[in-house]
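The values are calculated or read from the model by the stated rules, or taken from the named source; none is laboratory data. Remember, predicted model here, so these are calculated numbers, not experimental data. Neighbour counts are summed over all protein chains in view; Cβ atoms, including those assigned to glycine, are modelled from backbone coordinates with ideal geometry.
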Ligand code: FAD
Ligand code: NAD
């Protein structure tokens, strides 16, 4: 095959890589993107999008089941039936539409897409293998956007009934008994979805609480909801291995050292993700690392000139919108625009039931900062819109500087709070003070009013509590 030359070569077409390539193309840079699987990466194919589709399907089915039992709001319906094959086809259709859309956007930006596995020969040359064919690509600038993959526990490798999130998103049937290892983002999102779709779900977590990175106030409504949904939670328990005897049940070790075998048709292991830093010729480069991640500066530049890195391969938080923001930035930096990473916060959303959002500093992090800080909280229980949605558990919390009321962090837990993440992010990015949020008219009735009331409460002026 003839060698290819370009200005900018992007390796990996996940949300980081495809955004970098589209923006580079828009800026007139001759760009090639290499992807070994489907464009869209983890996020569109086996992550954010298919998981949110199954979460939605679970919600719809669960609501229908409640209605069949006769709901509190006077809706009575017949017994719902799940046609799982159709659910999967619907989910796959969304993935196809979005990945097809990305392929179209790359084309529109005049980006050439090469299918295959890229491996560095040196800092300016990459070899792409696709079956028997090999192609050499030379580029002035190379963006590494190789993403991350599921962590495998040494005694619990992904095989037979032990699966990762990828297999969980395309199971042929809903398992009778699903044991989820890890009560983090993925374990909770998928565990709750499968429970609502009819599986008996047990979640095993090594730490003493779910979502260990968030404080107890924030996770309590989710913890309580797990109980209401009939999900069994085993905290302070380590997943060890699958039993050979008990039909592949999961052996767990409790804090007191005792061992138990949990019945499991499937064991879904969700204990984190690790950056993809091997098997692409890193040994032929001299890249400084930051722990397991590739070290980058505020321009997404690695320790080698002309080589950049973005997305999950560069560190936490491993979130699609961080990867996309870096993708846009890196293309502009390569094109010679004056850009640098100076974000004040990256919102994180857990699409659990109820949902959780966090942006900026938590109360504990603020205490460790140089500023004297306070927190204000307002519950959804005092919000009309939340009541009409039949879900008034949870709250919004603002962390702010005591002296000038500058907002340092915002957290929320409650049904539908994912959609508040944008206004929380905007407030942090714009350097808003309590007064800015308190004096912005928030439409009524809406969940956003709770954000305004939280700010008012911080000022000692709450109206509806
Ligand atoms: P990736 O999306 O991982 O893409 C990397 C791409 O590079 C892959 O397509 C891979 O095939 C390709 N590649 C790697 N090496 C090579 C090579 N040498 N040659 C060619 N191609 C290569 N994040 C959120 O923000 N919100 C969510 O709701 C959310 N939900 C998630 C749910 C699940 C189940 C999972 C697993 C993840 C979820 N995430 C979510 C995380 C999100 O998917 C990642 O943060 C995001 O995809 C990272 O983007 P990326 O471009 O860095 O890498
Ligand atoms: P995670 O880090 O969120 O949670 C892993 C959990 O597994 C932790 O609570 C940990 O204590 C537990 N654990 C580890 N080893 C264990 C063992 N042997 N036995 C029992 N428990 C054990 O990891 P994840 O859920 O796999 O998610 C990975 C990443 O994917 C997230 O950090 C996030 O960046 C991304 N993601 C984001 C979203 C979102 O934005 N909504 C959704 C899914 C995934």
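Yes/no per residue for (1) free of Cβ contacts under 8 Å to residues at least 60 places away in the same chain; (2) more than 30 Å from residue 31 (Cα to Cα):
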{"residue": "232", "(1), (2)": "yes, yes"}
{"residue": "266", "(1), (2)": "no, yes"}
{"residue": "302", "(1), (2)": "no, no"}
{"residue": "308", "(1), (2)": "no, no"}
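To keep it simple, each residue is scored yes or no on (1) over 21 Å from the mean Cα position of the chain (by Cα); (2) at pLDDT 95 or above; (3) under 26 Å from residue 298 (Cβ atoms).
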site	(1), (2), (3)
337	yes, yes, yes
341	no, yes, yes
350	no, yes, no
359	no, yes, yes
365	yes, yes, yes
368	yes, yes, yes
371	yes, no, yes
376	yes, yes, no
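In the set (1) assigned to a helix (DSSP H, G or I); (2) surrounded by 12 or more Cβ atoms within 10 Å (Cβ to Cβ); (3) without any contact (Cβ under 8 Å) to a residue 60 or more places away in the chain, residue 99 fails one condition alone, (3).
Of the candidates 213, 263, the single residue that is surrounded by fewer than 19 Cβ atoms within 10 Å (Cβ to Cβ) and within 16 Å of ligand 1 (Cβ to nearest atom) is 213. Among residues of segment 1-37 being in a loop (DSSP other than H, G, I, E, B) and near ligand 1 (Cβ under 9 Å from one of its atoms), the one that is farthest from the chain's Cα centre (by Cα) is 36. Filtering 13, 77 for residues that are more than 30 Å from residue 388 (Cα to Cα) and either modelled with pLDDT of 95 or more or touching a helix residue (DSSP H, G or I) at 6+ places or on another chain (Cβ under 8 Å) (or both) leaves a single hit, 13. Scan segment 198-210 for residues that are in a loop (DSSP other than H, G, I, E, B) and surrounded by 15 or more Cβ atoms within 10 Å (Cβ to Cβ) and the total you get is 6. Residues in segment 80-90 that are assigned to a loop (DSSP other than H, G, I, E, B) and in contact with a helix residue (DSSP H, G or I) (Cβ under 7 Å, 6 or more places away or on another chain): 80, 82. Name the pairs: first residue in segment 315-327 and more than 20 Å from residue 418 (Cα to Cα) and in a helix (DSSP H, G or I), second residue more than 7 Å from ligand 1 (Cβ to nearest atom) and at pLDDT 95 or above, Cβ to Cβ under 7 Å, at least 6 apart or on different chains? Filtered contacts from segment 315-327: 326/300; 327/19; 327/20; 327/23.
Of all the listed residues (397, 391), the sole one being at pLDDT below 95 and under 19 Å from residue 217 (Cα atoms) is 391. Among the candidates 359, 399, the residue that is within 20 Å of residue 456 (Cα to Cα), within 16 Å of ligand 1 (Cβ to nearest atom) and outside any helix (DSSP H, G or I) is uniquely 359. Among the residues of segment 104-113 satisfying the criterion of being buried (at least 18 other Cβ atoms within 10 Å of the Cβ) and within 15 Å of ligand 1 (Cβ to nearest atom), which is nearest to residue 37 (Cα to Cα)? So the residue we want is 113. Based on what the data block shows, is residue 57 assigned to a helix (DSSP H, G or I), within 13 Å of ligand 1 (Cβ to nearest atom), crowded, with 16+ Cβ neighbours inside 10 Å and at negative phi? The answer is no for residue 57. Determine, yes or no, whether residue 93 is away from ligand 1 (no atom under 16 Å from the Cβ) and in a helix (DSSP H, G or I). Yes, satisfied. Taken over segment 144-163, residues that are more than 7 Å from ligand 1 (Cβ to nearest atom), closer than 30 Å to residue 329 by Cβ and in a loop (DSSP other than H, G, I, E, B) amount to 1.
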